[in-house]
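The values are calculated or read from the model by the stated rules, or taken from the named source; none is laboratory data. Bear in mind that the values here come from a model prediction, so they are computed numbers and not experimental data. Cβ sites come from the backbone with ideal geometry, for glycine too, and all protein chains shown count toward neighbours.
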Amino acid sequence: MPPPRIQVINGIQYPRDVPVPEGCPEGWKGVEQAYGPASKTAGKTYIRYHSLDGKHKSLMGPKQIVQAHCTDKNIPWEPEYAKYEKAMEDRRDAEAEIRNAEREARGFAEGAKREEMIALSRARYGDLTGEIVFGFPGWKCRWDLLPESQQTPKTFTAPDGLQWKLLKDVECMFGTRISKGGQEVEDIDKMVEAGKKNTAAHELFHTGSGKARDYGGVVELEAGKAEEITWTREEEEQKREIEKAKKSEKSGEKDFLPSSFSPVTYPVQTGWAILASSEDRQRGFVEFKSILLKRKFPEDTEFVAVHDVAEACRFASRIGGIYHQMGKISGRRCYQKLVYAPEAAAGIGCDGLYLMWNASLSQWQISLRPSEKAPSIAYCREDQEFVKKVQGCPFHILFLFFRCFFISFHCCCLIFKKSDHHCRVINKSRLFDFSPKLVFNVC
């Protein structure tokens, strides 16, 4: 069987390793592949699952994984799969509770209840208008230009950060608060009264759509402030991604590693491929470069070597290795770990580990996927455009620490001595006659 076609889509190279779904047994990996250019679904991807021992290949999903795992263990698969489904159901229920709590905080209601709350608000305050809401103390309004239709839908932002796209949603929230009574109702009374009297805000509100069209992007205004904030639609998308990443970081998602993530590299690396010495790493650069050139990779492909990771880290052998340059993520180069696979037709494979720049968190990191949302194993918060310029910055591996030193091979080679925790230059001569490579020295 010929090796799978290598494709690069949006800077991501396929096929690539991906984690198996949460809750699946250990000893499996996912491989995401892209449909071929002649396919009706060209540009899209699909995932198949393989056991690390090579016994099972191209399974479709969690059910098939559990079936194969239980068959190997000679145990009934139905009870085990029922446990998996129950765990997933519990997770969905927990997520639903969180969403319901957020809805309650927003005064959200549906159907007849929603109409009842809106009517309650209007009976007390009359119909709300965009001008009135914009006049609420501390509230902002954003106008987003839609290039195709030239429309400028509005988003109101309250002082607590909650955003509202529909006036009826604000009215529903007010009605919900009114139905509960208390001090909050008095606060809303004062806010609405102030909004109705703020004629300067009403006049400023009418300029928002025109400003967004003139700028060709997004405009945000706040009554009582002369400053207007503008940004492009592309910047708005990036801003949303950053906010999502921050929420993920607060929830701990960034530090979560799936239970299926193995500390062992597969296929098992032997001989020089273990990269135990500087000589092995030099040979690794030569071997991997030779193989990639045969597969039509660019001559100037860069490589990064990660080595001497502290043995106390259970993922030391998995992190260590040679990474090759892929496309760019967040405007900076991304590298994927290579594995030596002499029994494979290509003689080489890719591990599901990526050295990349996370713009939302302003850090270089080693991740399980080439995505800012992916769990990371190691990170360094030093804002440098090129990873080789990150000099002596502490990296964090889970709850351990290591330091990294980067230098181009054609300039000099740095050796990190564990004994005295110092670096010394041992050779300033050119080590290789091909393009500059990078060393990721770790202790």
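Scanning the range 197-221 for residues that are under 19 Å from GLY135 (Cβ atoms) and either touching a Cys at 6+ places or on another chain (Cβ under 8 Å) or in a strand (DSSP E or B) (or both) yields a total of 5.
For the range 15-43, filtered to residues that are hydrophobic (A, V, I, L, M, F, W, C) and part of a strand (DSSP E or B), the residue that is farthest from the chain's Cα centre (by Cα) is TRP28. Does PRO79 satisfy the condition of being of a type outside the set (Gly, Ala, Ser) and either modelled with pLDDT of 90 or more or assigned by TED's automatic domain parsing to the domain that holds ALA212 (or both)? It is false that PRO79 is of a type outside the set (Gly, Ala, Ser) and either modelled with pLDDT of 90 or more or assigned by TED's automatic domain parsing to the domain that holds ALA212 (or both). How many residues are among the hydrophobic types (A, V, I, L, M, F, W, C), outside any strand (DSSP E or B) and touching an Asp or Glu at 6+ places or on another chain (Cβ under 9 Å) when one looks only at the range 135-150? Residues meeting the conditions: 1. Residues in the range 118-133 include none that are surrounded by 13 or more Cβ atoms within 10 Å (Cβ to Cβ) and in the same structural domain as GLY27 (by TED's automatic domain parsing).
Considering SER360, SER367, SER330, the condition of being over 22 Å from LYS296 (Cα atoms) and surrounded by fewer than 19 Cβ atoms within 10 Å (Cβ to Cβ) is satisfied by SER330 alone.
Which one is nearest to the chain's Cα centre (by Cα) among residues in the range 106-126 that are without any contact (Cβ under 8 Å) to a residue 12 or more places away in the chain and assigned to a loop (DSSP other than H, G, I, E, B)?
Here the residue is GLU110.
I need the full set of residues from the range 347-362 which are over 14 Å from SER376 (Cα atoms), of a type outside the set (Asp, Glu) and in contact with a Lys or Arg (Cβ under 7 Å, 6 or more places away or on another chain), in order please.
Hit for the range 347-362 is CYS350, nothing else.
In a helix (DSSP H, G or I) and out of contact with any Cys (no Cβ under 6 Å at 6 or more places or on another chain): does that describe MET88? Yes: the conditions hold for MET88.
Residues checked against (1) at pLDDT 85 or above; (2) under 16 Å from TYR379 (Cα atoms); (3) touching a strand residue (DSSP E or B) at 6+ places or on another chain (Cβ under 8 Å):
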residue: ARG283; (1), (2), (3): yes, no, no
residue: SER290; (1), (2), (3): yes, no, no
residue: THR301; (1), (2), (3): yes, no, yes
residue: GLY320; (1), (2), (3): yes, yes, yes
residue: LEU338; (1), (2), (3): yes, no, yes
